[in-house]
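Peer 1: Below are the structure tokens for one structure; questions will follow.
The values are calculated or read from the model by the stated rules, or taken from the named source; none is laboratory data. Since we're looking at a predicted model, the values are computed, not measured. All Cβ positions, even for glycine, are placed from backbone atoms using ideal geometry, and neighbour counts span all protein chains on display.
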Amino acid sequence: MADQPLDPAVEATAEAIAAMEIRGAATIAAAAATALRTQAVESTATTPAAFEATLRAAGRRLQATRPTAVSLPNAIRYVLQRMDGETVGSLRASIIESADEFVDRLDHAQSDLGAVGANRLRDGDTVMTHCHSTDALGCIATAVDQGKSISAVVKETRPRNQGRITARELCELGVDVTLIVDSAARRYLGRVDHVLVGADSIAADGSVINKIGTSGLAVNARDRGIPVIAAAQTIKLHPDTLTGHTVEIETRDETEVLDDECRQEIGEITVANPAFDVTPPRYVDAIITERGQFPPESIVMLMRELFGEHVCEPWEEPASTTMDSRGIDE
Ligand code: RI2
């Protein structure tokens, strides 16, 4: 069966995710689902098998862009698992419907999660944030909507400084913001009531995989007696960890840390740029999801309920590609 070309929108989305022009776990998930939808709408495949193969190829292209945020494969799984039909038209309709449904569920999940998270925030509280998380900001936005006065100490979050995005968005909400460099965090922990972070993946043991620097912040917060909350929609739950797999930590280009000119001035060194780290569950007080608040150790119950025992990878080619599921030779 000849490969159908991927739609340019899929390629453009994949490149934008890899370059972090599209970033943030939930935003990446929505972009991937939307790209699959576009692939379905624009596909020129004339047989059901060719259409399915192209959608799977699009899924693989999108999935290969960033390895740590499980919202990406979870989004692709949601859409491709629901690809169903006997004709190209009905297959296309099933992808459009499931992609739209996925994006709609994301929006609802974030607002439901925000309502749960806001319950933890009291009028007059100060929150310390790390990186930029739409789920974490959703909690603060809801608390502000409820009339609570919230202040924030916002970590800059080297090397890409996503804390500045957080500072700007919190400012727009009317939150009083103090921006600090990452190394000032311990000094300011004594002035905050909560550490509130997002997540790129949650493992079955309750570990929180989030932007590099989260684990050190959580250890310091525990030492100071400040509760650590991770805001994470259930698309951040990593099903592979139910069967013993670990979460791959993305390593990004060293030029994010040091430009070529600086590097040449310093001399021959190794520059390491891991994008994420793992915070063990003992440093996390609560994981906030759209299904409620969970102690990290009990998140595995929710994962089993949502994913069951068997997690499929619908972007992979079936074992035999010489004949499609209707028994038609390709
Ligand atoms: P939301 C981001 O990763 C941050 O680590 C953030 O905590 C996480 O995604 C979750 O984002 P990156 O894409 O889904 O900036 O809460 O590397 O927006």
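Peer 1: Checking Ala75 against (1) away from the ligand (no atom under 16 Å from the Cβ); (2) crowded, with 23+ Cβ neighbours inside 10 Å, only one condition comes out false. Which one?
Peer 2: (1)
Peer 1: Could you please give the count of residues in region 121-147 that are surrounded by fewer than 24 Cβ atoms within 10 Å (Cβ to Cβ) and polar (S, T, N, Q)?
Peer 2: Going through region 121-147 one residue at a time, the tally reaches 4.
Peer 1: Give me a count of the residues in region 115-138 that are in a helix (DSSP H, G or I), touching a residue at least 40 places away in the same chain (Cβ under 8 Å) and more than 10 Å from the ligand (Cβ to nearest atom).
Peer 2: Residues flagged as in a helix (DSSP H, G or I), touching a residue at least 40 places away in the same chain (Cβ under 8 Å) and more than 10 Å from the ligand (Cβ to nearest atom) within region 115-138 amount to 2.
Peer 1: Oh, and also: I want to confirm something. Restricting to region 233-289 and keeping residues that are of a type in the set (A, V, I, L, M, F, W, C) and in a helix (DSSP H, G or I), which single residue is farthest from Ala109 (Cα to Cα)?
Peer 2: Ile266
Peer 1: Restricting to region 1-32, count the residues that are part of a helix (DSSP H, G or I), within 13 Å of the ligand (Cβ to nearest atom) and either surrounded by 22 or more Cβ atoms within 10 Å (Cβ to Cβ) or of a type in the set (A, V, I, L, M) (or both).
Peer 2: Going through region 1-32 one residue at a time, the tally reaches 10.
Peer 1: Also, I was wondering about something else. When you go through Asp100, Asp107, Asp112 one by one, which is the residue that is within 19 Å of the chain's Cα centre (by Cα) and at pLDDT below 95?
Peer 2: That would be Asp107, the only listed residue that is within 19 Å of the chain's Cα centre (by Cα) and at pLDDT below 95.
Peer 1: Here is a further query. Restrict the check to region 181-202 and report whether at least one residue is farther than 21 Å from Ala286 by Cα, away from the ligand (no atom under 16 Å from the Cβ), of a type in the set (S, T, N, Q) and part of a helix (DSSP H, G or I).
Peer 2: The answer is yes, given that some residue of region 181-202 is farther than 21 Å from Ala286 by Cα, away from the ligand (no atom under 16 Å from the Cβ), of a type in the set (S, T, N, Q) and part of a helix (DSSP H, G or I).
Peer 1: Go through (1) away from the ligand (no atom under 16 Å from the Cβ); (2) more than 20 Å from Asp240 (Cβ to Cβ) and name the single condition Arg56 misses.
Peer 2: (2)
Peer 1: Which of (1) surrounded by fewer than 17 Cβ atoms within 10 Å (Cβ to Cβ); (2) under 19 Å from Val10 (Cβ atoms); (3) among the small types (Gly, Ala, Ser) does Ala35 not meet, given it meets every other one?
Peer 2: Unmet condition: (1).
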